[in-house]
Amino acid sequence: MAVNIKPLADRVLIEPQAAETKTASGIIIPETAKEKPQKGKVVAVGNGKKDYEMTVKEGDMVLYGKYSGTELKLEGTDYLMMREDDILGII
Amino acid sequence: MAVNIKPLADRVLIEPQAAETKTASGIIIPETAKEKPQKGKVVAVGNGKKDYEMTVKEGDMVLYGKYSGTELKLEGTDYLMMREDDILGII
Amino acid sequence: MAVNIKPLADRVLIEPQAAETKTASGIIIPETAKEKPQKGKVVAVGNGKKDYEMTVKEGDMVLYGKYSGTELKLEGTDYLMMREDDILGII
Amino acid sequence: MAVNIKPLADRVLIEPQAAETKTASGIIIPETAKEKPQKGKVVAVGNGKKDYEMTVKEGDMVLYGKYSGTELKLEGTDYLMMREDDILGII
Amino acid sequence: MAVNIKPLADRVLIEPQAAETKTASGIIIPETAKEKPQKGKVVAVGNGKKDYEMTVKEGDMVLYGKYSGTELKLEGTDYLMMREDDILGII
Amino acid sequence: MAVNIKPLADRVLIEPQAAETKTASGIIIPETAKEKPQKGKVVAVGNGKKDYEMTVKEGDMVLYGKYSGTELKLEGTDYLMMREDDILGII
Amino acid sequence: MAVNIKPLADRVLIEPQAAETKTASGIIIPETAKEKPQKGKVVAVGNGKKDYEMTVKEGDMVLYGKYSGTELKLEGTDYLMMREDDILGII
């Protein structure tokens, strides 16, 4: 689904991925035990800044620190807008 | 409506847009349940700074973080003056 | 009235303008209800700094944030001395 | 074991090494007496930044300060993601 | 009176001027009602710094913020040593 | 004794020297009266950083401020890892 | 007396001068009334830093702010090690 927003400068719009509700051994974890998701999909990328070129691109799956970014609700979906420097790595 | 103010340097004057009072499903949300608006229209843009060129332009609809900017009342209308770097993205 | 002071570097001397005591609809607002003025006239401008050229000039009417600048009383008149970067815009 | 993650910019992914459970003289130290590990193996390295080239490389054993980095659990293993500047030295 | 001290770098030695003890209308203000002086005479100027040239010169009368600078007593006279950037303007 | 560690960037590994337990006049000071050592021997030096060349070299005796650096125990010996800028001087 | 220490980078080693124990009028001030000395003699000077050349030289008498620098005792004498930027001026 296309998102109608262009992040400014070195910002990236991320759609957090739902935490796994089933452990490796198959046990279902109830909602309250789930950690705040720290994995997400890049859905929009800014143009970077003078002397700063963007690394991530649309579609990348990324990891980010808890509490990173600003929460935004666009057409019913929750997104996170953060600076690329808050992204830890690409998976 | 033209606004008679020229923001200095990397500042942008924004006219906040009223929060939607009707949800997608058509339910009317009472005033107190509405979130502080975070969407606005750019009505005036500064000339940038040495080594910093402006990205947004008059008429752009932008998203910004809650509590960003300085509130100004000009001829009866409320505006927000903020640095362009406080703008999250263009919608 | 000429002011006998040369602001240093990127500073600007501003003469705050009295808040309007009458609303658009003609109601007189008593003194205590008036907001601290945030509009003023530039009466003296510094020479800027290395790599920083001044934008405002003598006579400009400017807006600035509440509590910006240092208050100075010169020959019985109250002025505000502030760095140009504290000025929000020119009106 | 290969780790399927590419650290961003000047970040390094480290697999902490278990603290020695036996002292030089052969005494077994119970779990609670073990210090938080400060030694780890570099398992993935970012591409550096403009004007900053990476020094450590995959496979290096490094020392780092206690509490450095962000803890990440990837496929059941605990890792630390930190900026290269938080690494004290290579052993 | 010559002062036997050479300020370092971008520092300026200022001799504060006694606050006026008589108002414009000729009323004598007792000592306790006098404001801390904010006006002074430049008595010595440093050589500036790499990429920073001094603006004020010996003999200039300057305004400075309250509490600016370090108080020094040299041969019985009180002086203020401050960085030129703490000087607001030349009068 | 060679130490098997390469400090990163502008870091220096120092072996603190035991405080003198005998005063100049020959009086033995009990352990508790001894000051935390601030003198040490450089045992390993980083390669510096872009635009920063190292000054101290292996074998130098240096002075450093109390509480400078990170304590490390390597093969039974206590060391201090600190940035060269925390070293006060060479003796 | 030569001091066997080479300050690092932009640091200066200063031997504080004892506060005058006799006032101009010849009155002896008891120890407790003496101000902490702020005048000292430069006894050793660092080599400066990239883009920072030292101004003071061995033998200069300097003024410095109270509490500036790190106290060092070398062969029974108290010294202060401080960055040249903490020196206010040369007298």
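Check whether at least one residue in segment E:60-78 is under 27 Å from G:Asp85 (Cβ atoms), of a type outside the set (A, V, I, L, M, F, W, C), modelled with pLDDT under 90 and part of a strand (DSSP E or B), and report yes or no. Give the derivation first.
Within segment E:60-78, the subset under 27 Å from G:Asp85 (Cβ atoms) is E:60, E:62-75, E:77-78.
Keeping just the survivors that are of a type outside the set (A, V, I, L, M, F, W, C) gives E:60, E:64-71, E:73, E:75, E:77-78.
Now restrict to residues that are modelled with pLDDT under 90: E:65-67, E:73, E:75.
Filter once more, keeping what is part of a strand (DSSP E or B): E:73.
For segment E:60-78, residues under 27 Å from G:Asp85 (Cβ atoms), of a type outside the set (A, V, I, L, M, F, W, C), modelled with pLDDT under 90 and part of a strand (DSSP E or B): present.
All but one of (1) at pLDDT 95 or above; (2) touching a Pro at 6+ places or on another chain (Cβ under 6 Å); (3) more than 10 Å from every other protein chain (Cβ to nearest Cβ) hold for F:Gly46; state the number of the condition that does not hold.
All conditions pass for F:Gly46, except number (3).
Take D:Pro7 and decide whether it is more than 12 Å from chain A (Cβ to nearest Cβ), modelled with pLDDT of 80 or more and under 21 Å from D:Ile91 (Cβ atoms).
Details: more than 12 Å from chain A (Cβ to nearest Cβ): no; modelled with pLDDT of 80 or more: yes; under 21 Å from D:Ile91 (Cβ atoms): yes.
Spelling it out, it is not the case that D:Pro7 is more than 12 Å from chain A (Cβ to nearest Cβ), modelled with pLDDT of 80 or more and under 21 Å from D:Ile91 (Cβ atoms).
Filtering segment E:59-91 down to residues that are among the small types (Gly, Ala, Ser) and at the interface with another protein chain (Cβ under 8 Å from one of its Cβ atoms), which residue is nearest to G:Gly89 (Cα to Cα)?
The first filter runs over segment E:59-91 and keeps only residues among the small types (Gly, Ala, Ser), leaving E:59, E:65, E:68-69, E:76, E:89.
Still in the running and at the interface with another protein chain (Cβ under 8 Å from one of its Cβ atoms): E:65, E:76, E:89.
Working: E:Gly65: 21, E:Gly76: 18, E:Gly89: 22 Å.
Checking each candidate, the answer is E:Gly76.
How many of the residues making up segment E:76-91 are open to solvent by 40 Å² or more (accessible area, probe 1.4 Å), touching a residue at least 12 places away in the same chain (Cβ under 8 Å) and over 11 Å from the mean Cα position of the chain (by Cα)? Talk me through it step by step, then tell me what you get.
Within segment E:76-91, the subset open to solvent by 40 Å² or more (accessible area, probe 1.4 Å) is E:76, E:78, E:83, E:85-86, E:91.
Keeping just the survivors that are touching a residue at least 12 places away in the same chain (Cβ under 8 Å) gives E:78, E:83, E:85-86, E:91.
Subsequent filtering for residues that are over 11 Å from the mean Cα position of the chain (by Cα) retains E:85, E:91.
Number satisfying all stated conditions: 2.
Any idea how many residues of segment F:37-50 are assigned to a loop (DSSP other than H, G, I, E, B), open to solvent by 20 Å² or more (accessible area, probe 1.4 Å) and under 17 Å from D:Asp85 (Cα atoms)?
From segment F:37-50, those assigned to a loop (DSSP other than H, G, I, E, B) are F:37-38, F:46-48, F:50; that's our starting set.
Checking which are open to solvent by 20 Å² or more (accessible area, probe 1.4 Å) leaves us with F:37-38, F:47, F:50.
Applying the additional criterion that residues be under 17 Å from D:Asp85 (Cα atoms) yields F:47, F:50.
Count: 2.
Which ones in segment D:10-36 are closer than 22 Å to D:Lys73 by Cβ and modelled with pLDDT of 90 or more?
D:Arg11, D:Val12, D:Leu13, D:Ile14, D:Glu15, D:Pro16, D:Gln17
Considering every residue within segment B:51-58, establish whether at least one is within 13 Å of chain A (Cβ to nearest Cβ), open to solvent by 60 Å² or more (accessible area, probe 1.4 Å), on the phi < 0 side of the Ramachandran plot and hydroxyl-bearing (Ser, Thr, Tyr). I'd like the intermediate steps shown before the answer.
Looking only at segment B:51-58, we keep the residues that are within 13 Å of chain A (Cβ to nearest Cβ), and these are B:51-57.
Keeping just the survivors that are open to solvent by 60 Å² or more (accessible area, probe 1.4 Å) gives B:51-53, B:55, B:57.
Right, trim to on the phi < 0 side of the Ramachandran plot and you get B:52-53, B:55, B:57.
From the residues that got through so far, the ones that are hydroxyl-bearing (Ser, Thr, Tyr) too are B:52, B:55.
Within segment B:51-58 (the criterion being within 13 Å of chain A (Cβ to nearest Cβ), open to solvent by 60 Å² or more (accessible area, probe 1.4 Å), on the phi < 0 side of the Ramachandran plot and hydroxyl-bearing (Ser, Thr, Tyr)), the answer is yes, since at least one residue qualifies.
What residue, of B:Lys57, B:Lys39, is at pLDDT 90 or above and in contact with a Phe, Trp or Tyr (Cβ under 9 Å, 6 or more places away or on another chain)? Show your work before the answer.
Values: B:Lys57 fails: in contact with a Phe, Trp or Tyr (Cβ under 9 Å, 6 or more places away or on another chain).
Of the residues listed, the single one that is at pLDDT 90 or above and in contact with a Phe, Trp or Tyr (Cβ under 9 Å, 6 or more places away or on another chain) is B:Lys39.
The values are calculated or read from the model by the stated rules, or taken from the named source; none is laboratory data. The model shown is predicted, which means the values in this text are computed figures rather than measured ones. Reconstructed Cβ throughout: ideal geometry from the backbone, glycine too, with neighbour counts over all protein chains shown. Ligands, DNA and RNA are excluded from the accessible area calculation, which covers all protein heavy atoms including side chains. Shrake-Rupley method; radii C 1.70, N 1.55, O 1.52, S 1.80 Å.
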